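My structure is below; once you've seen it, I'll send some questions.
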Amino acid sequence: MVNFLQHTFNGLVGGAFLALLALGLAVIFGMLRVVNFAHGAIYMLGAFGAYVLLTEAGLSFWWALIVLPLALALFGMALERLLVARLARLDPLYNFLLTFGLTLILQDAVKSRYGVQSSPYDAPAILSGTLDLGAFDFPAYRVFVLVIAIAVCVGVWWLLSRTRVGMVVRAATERPELSTALGIDVGRWVTPVFGFGIGLAGLAGVLAAPIRAVNPLMGADLIIVVFAVVVIGGLGSIFGSVAAGFAIGLVQAWVQALGEDWALLSQVLVFLVMAGVLLWRPAGLFGREEAPA
Amino acid sequence: MLRVDELSAWYGEAQVLRGVSLEIAAGEVVTLCGRNGAGKTTLLRCVMGLHQGQRGAVELDGRSLAGQPAHRRARAGLGWVPDDRGCYATLTVAETLSLPPVVGPSPWSLEQVYEAFPHLHARRSAPSTTLSGGEQQMLALARVLRMGARLLLCDEPTEGLSPLLVAQVGDILRQAKQHGVAVLLVEQNLHFATTVADRHHLLAEGRVVESLANSEVAAREKDLLAYLGI
């Protein structure tokens, strides 16, 4: 039982990263209809940025946690203005290619400077111990990650469902043309929403630095799984992507717990789930069929 | 209030409007009648600024709307009532009502809207796409009244509604008219059109082929119905 709880906890922590990344992808896709392939590279930049800030500027994890998501969000906004917006009127494939190319550039730039080996990054001292929460000792840093991820997801849900800004973004996302005819300047929201999604990926990256191997390819390995998570949750569905993120994290951890023999299954599991979900509900668990244009 | 001058529009190579001119004064209701494909909806979309590929002038209060994006035109006082009723699956009825900014001098308050449309009040927390067709139509009209729009662009607001609801749409439009709101109304239901409109333009193949005062329509109703193919 204690074992099961432990795996469940680890699954939730793994799911927290998937949820944060999937949330950013879903927000961006919903507003711009852009599949941001560079999301994994941004995650990697968040983690690597934390490492670089510490080793080259002596800035602690806490600084990284504040500075990097903001800096990457600004980078995302510039990227949207300078490149993504130019391709917005063309086939969505062009922006997919753009962000794919950007991924390769970012990865190789980091690779050429720091090599491919993983860089060590320690959790801040105050979070390095364990928390005794009754059943077993939880690593404090992982509890911290889980709390932050849940707080961010709840915060985004609140922002989208309970505020005027969220209402406008929902309307602009669901029916852009109708919304402009009702006096909403849809274009005004595109750049901040893109930056916000990128910032979330950066945040996930900083949070990952102390517990994941920090190397140039860390995002490339993860992003494919995150795409599958977004598809399972339903393209563009905010709630779906978060729920699917945590669910996949849990299921992966449980299958891993079955032992070595199941390691392979735990890796392909997410894709099996995706195939199954798509057969059953082609728009994903919480997705809606696209309205005819 | 609105002046459309020599407006032409294209979908790719195909020309759907050929030099349409018309004017609407404040408090006036003007219909566009015509068969499917005559260009009625395209004309509304051009006025709203939703159609790429148009030539000619559209002026509101003497000021050209050329190059203005749709959201600016809405803020200048245009109220959009689309043929699909413009509901959102991700917005509740109350949110759908309060989504557009208030743009005119005499907007309806939310209380007024709910008093006039008790059904909307009862369903205010439901996603707006879950309303019945009639309720969705009332929502689309209530929304532009709450904006305080000065010129309503209504695309077949009575389509598919029961006679009772058609009468209610008529009441709303006449009430708006009394407050000086102008209406450009696309309508296939000629009988309904004569109960609300001052003037009618008959559109065919992208041209205004005939313009009639309301009094002339009754005398020629048979004729016109045959022409519309109804």
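What value, in deg cm²/dmol to 500, does the helix sum -39500 (n - 2.57) over DSSP H runs of n ≥ 4 give at 222 nm once divided by the residues of chain A?
-24500 deg cm²/dmol
Contour minus end-to-end for A:Arg81 and A:Phe271, with contour as 0.36 nm per residue of separation and end-to-end as the Cα-Cα distance?
Gain on stretching A:Arg81 to A:Phe271: 65.0 nm.
Moving on to the next point. If you take every residue apart from A:Thr163 with its C-beta less than 12 Å away from the C-beta of A:Thr163, what net charge results, scoring Lys and Arg +1 and Asp and Glu -1?
Around A:Thr163, the charge tally is +2.
A further question on this structure: Only bridges with both residues in the protein assembly as shown count here: give the DSSP antiparallel percent, nearest 5.
Antiparallel: roughly 60 percent of the beta bridges in the protein assembly as shown.
Would you mind working out the magnitude of the charge dipole of chain B relative to its Cα centre, with +1 at each Lys and Arg C-beta and -1 at each Asp and Glu C-beta, to the nearest 20 Debye?
For this selection, approximately 460 debye.
Based only on other Cβ atoms within 10 Å, what is the fewest-to-most ordering of B:Met1, A:Met218, B:Met147?
B:Met1, A:Met218, B:Met147
Helix hunt in chain A: which complete DSSP H runs extend at least 18 Å axially by C-alpha with mean Kyte-Doolittle at least -0.5?
The qualifying helices are A:2-32, A:39-57, A:61-79, A:92-114, A:140-162, A:186-208, A:218-233, A:238-257, A:263-280.
If you don't mind, another one. May I ask you to list the lysines whose Cα is less than 23 Å away from that of B:Lys40, ignoring any residue fewer than eight positions away on the same chain?
B:Lys177, B:Lys222
At 7 Å along Cα-to-Cβ for each site, give me the label-to-label distance between B:Ser162 and A:Arg162 in nm.
3.9 nm
Would you list the membrane-span-like helices of chain B, meaning whole DSSP H runs whose alpha-carbon atoms span at least 18 Å along their axis and whose mean Kyte-Doolittle value is at least 0.5?
none
Lys and Arg at +1, Asp and Glu at -1: add these up for the other residues within a Cβ distance under 15 Å of A:Leu74 and post the number.
Here the charged neighbours net out to 0.
In addition: Return the loop-located trypsin sites (Lys or Arg not before Pro) in segment A:36-105 (DSSP other than H, G, I, E, B) with at most 12 other Cβ atoms within 10 Å of their own Cβ; answer none if there are none.
A:Arg89
Here's a follow-up. May I ask for the percentage of alpha-carbon pairs in chain B that lie more than 32 Å from each other?
Everything past 32 Å amounts to 16 percent.
Given an 8 Å cut-off on Cα distances and at least 6 residues of separation, report the relative contact order of segment A:113-219 as a percent.
38 percent
Which one, A:Trp157, A:Leu25, A:Val206, projects farthest toward the positive side of the charge dipole computed for the protein assembly as shown from Cβ point charges (K/R +1, D/E -1)?
About the Cα centre, the residue reaching furthest to the positive side is A:Val206.
Hey, got the dipole for the protein assembly as shown? About the Cα centre, +1 on K and R Cβ, -1 on D and E Cβ, debye to the nearest 20?
That gives the protein assembly as shown a dipole magnitude of about 620 debye.
Separation of segment A:52-80 and segment A:84-125 by C-alpha centroid, Å?
When both Cα centres are located, 15 Å separates them.
Next up: Loop by DSSP (not H, G, I, E, B), at most 14 other beta-carbon atoms within 10 Å: where is the longest site-free stretch of chain B for GluC sites (Glu not before Pro)?
Result, exposed sites excluded: B:14-204.
Distances longer than 36 Å among the Cα atoms of the protein assembly as shown: what percent of all pairs is that?
Across the protein assembly as shown, Cα pairs with separations above 36 Å total 44 percent.
If you average the sequence gap of Cα pairs under 8 Å that are 6 or more apart and divide by the length of segment A:2-280, what percent do you get for the contact order?
Reported relative contact order: 41 percent.
Taking every pair of distinct Cα atoms and averaging 1/r, then inverting, what Kirkwood hydrodynamic radius in Å comes out for segment A:2-280?
The Cα-based Kirkwood calculation yields 19.3 Å.
What net charge is computed for the residues neighbouring A:Gln267, neighbours being all others with C-beta under 14 Å from the C-beta of A:Gln267, Lys and Arg scored +1, Asp and Glu -1?
Spelling it out: positives minus negatives among the neighbours equals -3.
How long is the gain from B:Ala25 to B:Ser109 if the chain were fully straight, where each residue apart is worth 0.36 nm and the alpha carbon distance is subtracted?
27.8 nm
Here's a follow-up. Once you charge only the Cβ atoms, +1 for Lys and Arg and -1 for Asp and Glu, what is the size of the charge dipole of segment A:40-166 about its Cα centre, to the nearest 20 debye?
540 debye
Read-outs throughout are calculated quantities, based only on the coordinates presented, and are distinct from any laboratory measurement. Predicted model, so just to flag it, every value in this text is computed and none were measured. Cβ coordinates were reconstructed from backbone atoms using ideal geometry, including for glycine residues, and neighbour counts include every protein chain displayed.
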